[in-house]
1. Roughly how many debye, to the nearest 20, is the charge dipole of segment 65-171 about its Cα centre, given +1 on each Lys and Arg Cβ, -1 on each Asp and Glu Cβ, and no other charges?
2. Residues with beta-carbon under 11 Å from that of LEU186, excluding LEU186: net charge, scoring Lys, Arg +1 and Asp, Glu -1?
3. For ASP198, ASP122, what ranking results if the residue with the fewest other Cβ atoms within 10 Å of its Cβ goes first?
Amino acid sequence: MGVSLGSGNQADVVGRLFGMAMVAMLVCAACALGCASAARADLINLGTCNSASLSQAFAPWGDPSEYELAPGGDFESSSWTLAGGAQRVGGSEPFAATGTLGSYSLSLPAGASAQSPVTCLDAAYPTLRMFIAGSGVLAVDIVDNGMVIPAGLAVAAGNWQPSTVMLTSAPLLGLLSGGTANASLLLTGVLGSPVVDDVFIDPWNRGP
């Protein structure tokens, strides 16, 4: 199922892609700065900041990393802040990636948004991933003390599938927050009517 972009949406997507490239450059610079200076080494925190359970949620798709579920990321409860028409809907991704088949997912039509509860992020949490279905484009951002950092775009093209791997910009957030940031995830519908479920964060240094 194809996704057609109007001129306004196309500009939004191009702008976001540019922003993501700039963030990637800043993250690389942050890592280099932290590694090059012993005085700043303590700001690149590679220790995990919580003890959430882990699972290889995306192993069937060739991703052996161990992930933890983002706070309320299965949408089985109403813990995210919803706006602009975002709503929990019946039905879940069919793979039981959390270990249990759920009953709900999150609908994010164009213009709708959903923000997660705050969670800790440091350099040990570099990526995130989720499941997406329907048709359209979803923007993913990290929000830290009012600062919004683009993480990526997820494209829905029919049946439930994993999204691409997206960057949390955690090394940069760590430098700006003394090692560990308290941030939230922001999902925004850009085009169409995508549906998301089971949002995961990857604490890479706790993998197998």
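1. 280 debye
2. -2
3. Least to most surrounded, the residues fall as ASP122, ASP198.
Read the figures in this text as sums done on the coordinates, not as results from a lab. The structure presented is a predicted model; accordingly, all values stated were derived computationally and were not measured. Please note: Cβ atoms are built from the backbone with ideal geometry, for glycine as well, and neighbour counts cover all protein chains shown.
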